[in-house]
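These notes are about the structure you will find just below.
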Amino acid sequence: MERIPPSSFSDDEFDEDEEHQTLVHQNGTKPRRPTSALEISHLPTRIGGTGVCTGRRCLLLLLLVVFLSFLVIVFVLLSRSGSIVHRDSLLDRMRESELRSLYLLRNQQSALLKIWNSTRAAAAEVASLPSSAPNSTSAGTDLPKGTAFDEFRSELFEQIKLNKQIQNALLSSHKTGNLSSSTSDDNVDIGISGTGVDVCKKVDRPASKKTIEWKPKKDRYLFAICLSGQMSNHLICLEKHMFFAALLDRVLVLPSPKFDYQYDQVLDINHINECFGRKVVITFEEFSEALKNKMKIDRFICYIASPPCYLDEEHIKRLKNLGLSLGKIEPAWPEDAKSKMQKKRVIGDLIPKFSSDDEVIAIGDVFYADVEEEWMTQPGGPLAHKCKTVIQPSRLIYITAQRFVQTFLGGNFIALHFRRHGFLKFCNLKEESCFFPIPQAAECILRIVEKANAPVIYLSTDAAESETHLLQSLVFLNDKPVPLIRRPDHDSAEKWDALLYRNKIGGDSQVEAMLDKTICALSTVFIGASGSTFTEDIIRLRRGWGSASRCDEYLCEGEKPNYIVENE
């Protein structure tokens with residue numbers, strides 16, 4: 001809310017106080033008076049100096065001076081009151097209006113607090129409802145239990161605070177002497193503090209979800225191939241491969257580090273198998289050992305039709321260099337080659353197309369596969385397992401992230417993925433651009449800071465220092481900067497990242513990227529970059545770990561950039 005400046009009539013208030021000081025001696029102090037030939041304090045010296053003040057004559061002169069002084073004072077008062085009569089009239093009307101506004105706001109405040117107090121019992125009742133109780137609904141969309149009511153309480157809380165701010169702004173023009181805004185009933189703040197209002201509370205996990213069992217046959221394999229984009233894309237591709245492997249009762253074979261990323265450096269592979277209580281994922285080395293010198297992919301059934309399996313000649317050559325012999329490559333839906341958009345698929349579409357008796361099959365890159373989205377976006381994914389989430393950072397990265405949080409951030413912090421590099425052009429090609437000018441981005445960030453009441457922000461970004469410095473200069477709340485904290489360069493004197501360097505993976509770009517994701521996933525509130533798969537992977541982790549907040553959102557969500565460059 002814009003701060004309302006103090007009344008422009010404050011100088012008049014000072015003049016009025018000065019008049020009172022002229023007429024009334026307070027605490028025995030002498031009032032400040034203008035120097036004048038009629039000043040009584042100088043009279044004895046002046047009269048005495050002439051040698052003409054004697055008896056009755058001196059008394060008459062003294063009375064004359066007193067009378068003339070009285071006339072001067074009366075004249076000054078009358079002239080002054082006449083000169084400010086019009087200003088005082090305007091000032092009185094404005095103050096009367098302000099006081100009337102305050103009266104109405106106090107009435108509104110009382111009504112809001114009455115409603116607020118009535119919600120406490122209702123909130124307790126909602127919290128005690130069993131998980132089987134019907135869910136609240138809003139705009140036809142199913143919401144977790146109590147969500148609509150909590151949002152109502154959150155909005156009511158914000159309105160009470162706004163009411164308080166308006167009162168304080170109006171009272172600021174009435175501060176005179178010892179009068180201060182302390183008369184504005186600060187008990188309102190006391191009345192609503194400590195009431196358990198958590199605007200950014202954690203999102204409840206659903207009571208039930210759709211899942212399928214993954215019970216693979218030991219001698220049937222699905223060879224994972226992920227090619228598009230960077231690591232975040234590949235992790236999404238792997239998760240979809242796991243879904244296909246479960247549907248087809250196959251063990252998933254992770255790609256070789258010579259062909260793809262070294263997944264065992266960033267992911268907890270053992271954790272995946274422990275979640276299912278059986279061997280469902282193996283490394284390329286384990287696959288090579290199992291098939292000895294007969295490594296082959298018997299059949300490519302391509303989900304992506306063009307190019308088939310998303311493979312080009314270079315990648316086919318690299319697969320062969322791994323010692324693999326390749327079978328026939330054929331699309332599952334040849335008609336898709338003519339379509340610019342991937343069609344939505346369901347389980348009923350997949351099983352008939354990809355079922356096979358061949359020992360090893362591959363379906364190519366499935367990052368762009370639009371398949372069972374509702375299942376895929378569930379907390380923990382679409383598969384039945386005993387963990388919170390299956391694909392997660394390695395134990396070394398997870399512990400290092402926790403150490404960083406304890407060292408620099410604490411238990412209450414906002415994480416911001418501020419994607420900039422390459423995003424200016426990428427976002428402006430979309431129907432609604434997602435690249436925001438830094439001043440606008442700062443305003444959006446501050447709105448979340450006010451909701452979350454967090455003291456610091458963890459900044460995960462590829463932005464240049466010129467941009468981050470400007471952003472920091474604009475992120476101020478209550479006249480105090482909200483620190484934007486980035487991971488510092490490695491320093492052997494700091495021990496928070498010692499585990500990574502002791503195990504010789506410190507400084508690896510993919511390890512550091514996963515470390516950034518993990519820190520963001522541990523935050524109280526997360527602000528993501530729309531259109532970024534890095535952000536989407538953080539959101540997946542937060543859903544699975546149960547750290548997702550009702551205040552999580554994309555940067556400036558629901559807004560458009562206030563300035564967009566023309567096309568080239």
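Hey, what did the range 207-273 get for relative contact order, percent, Cα under 8 Å, at least 6 apart? Rounded, it is 39 percent for the range 207-273.
Going by average Cβ density within 10 Å per residue, which order do the peptides 510-523, 226-239 take, highest to lowest? Working shown, then result.
Values: 510-523: 22.9, 226-239: 20.2.
Per-residue Cβ counts within 10 Å, averaged per peptide and sorted highest first, yield 510-523, 226-239.
When the range 288-399 is described by a simple charge dipole with +1 on each Lys and Arg Cβ and -1 on each Asp and Glu Cβ, the residue from Leu324, Ile297, Pro393 located farthest towards its positive end is Pro393. The simple spin-label model puts a point 7 Å past each Cα toward its Cβ; for Glu96 and Arg447 those points are separated by 4.0 nm.
Shape analysis of the range 223-316 places it in the rounded category; the axes a ≥ b ≥ c from the Cα gyration tensor give an a/c below 1.5.
Here's the list of lysines a cross-link from Lys217 could span, going by alpha-carbon distance under 16 Å and ignoring same-chain residues fewer than 8 apart: Lys279. Distance from the C-alpha centroid of the range 310-331 to that of the range 491-545: 33 Å, rounded to the whole angstrom.
Normalised per residue, the accessible area of the range 294-345 is 61 Å², obtained with a 1.4 Å probe and no contribution from ligands, DNA or RNA. Using a cutoff of 8 angstrom between alpha carbon atoms and counting only pairs six or more residues apart, the relative contact order for the range 308-455 works out to 16 percent. Of the trypsin sites (Lys or Arg not before Pro) found in the range 362-451, the ones in coil according to DSSP and having at most 15 other Cβ atoms within 10 Å of their Cβ are Lys386, Lys430. Taking θ as phi - 60° and the Karplus parameters 6.51, -1.76 and 1.60, the scalar couplings of the range 465-472 work out to 4, 4, 7, 5, 5, 5, 4, 4 Hz in sequence order, x denoting glycine and proline. Basic side chains Lys and Arg get +1 at the Cβ, acidic Asp and Glu get -1 at the Cβ, and with that the dipole of the range 220-366 about its Cα centre reaches some 320 debye.
What GluC sites (Glu not before Pro) in the range 375-467 are in a loop by DSSP, with at most 13 other Cβ atoms within 10 Å of the Cβ? Before the final figure, lay out each step's value.
Working: sites: Glu431, Glu432, Glu443, Glu450, Glu465, Glu467; in loops: Glu431, Glu432.
Listed in order of number, the matching sites are Glu431, Glu432.
Near Asp349, once Lys and Arg are set to +1 and Asp and Glu to -1 for all other residues with Cβ below 10 Å from its Cβ, the sum equals +3.
Among the listed pairs Lys258/Lys317; Lys210/Lys240; Lys292/Lys328; Lys201/Lys451; Lys210/Lys386, which are separated by more than 19 Å between their Cα atoms? Each step should come with its number before you reach the end.
Values: Lys258/Lys317 12 Å; Lys210/Lys240 15 Å; Lys292/Lys328 22 Å; Lys201/Lys451 11 Å; Lys210/Lys386 14 Å.
In this structure, Lys292/Lys328 exceed 19 Å between Cα atoms.
Let me check against my output: what whole-number percent is the relative contact order of the range 269-342, with C-alpha pairs under 8 Å and at least 6 apart? Each step should come with its number before you reach the end.
Working: 69 pairs, mean separation 23.7, N = 74.
Relative CO of the range 269-342 lands at 32 percent.
The values are calculated or read from the model by the stated rules, or taken from the named source; none is laboratory data. All of these numbers come straight from a predicted model, not from anything done at the bench. Positions of Cβ are generated from backbone atoms using ideal geometry, with glycine treated the same way; all protein chains shown enter the neighbour counts. Calculation scope for accessible area: heavy atoms of the full protein, side chains included, ligands and nucleic acids excluded. Shrake-Rupley method; radii C 1.70, N 1.55, O 1.52, S 1.80 Å.
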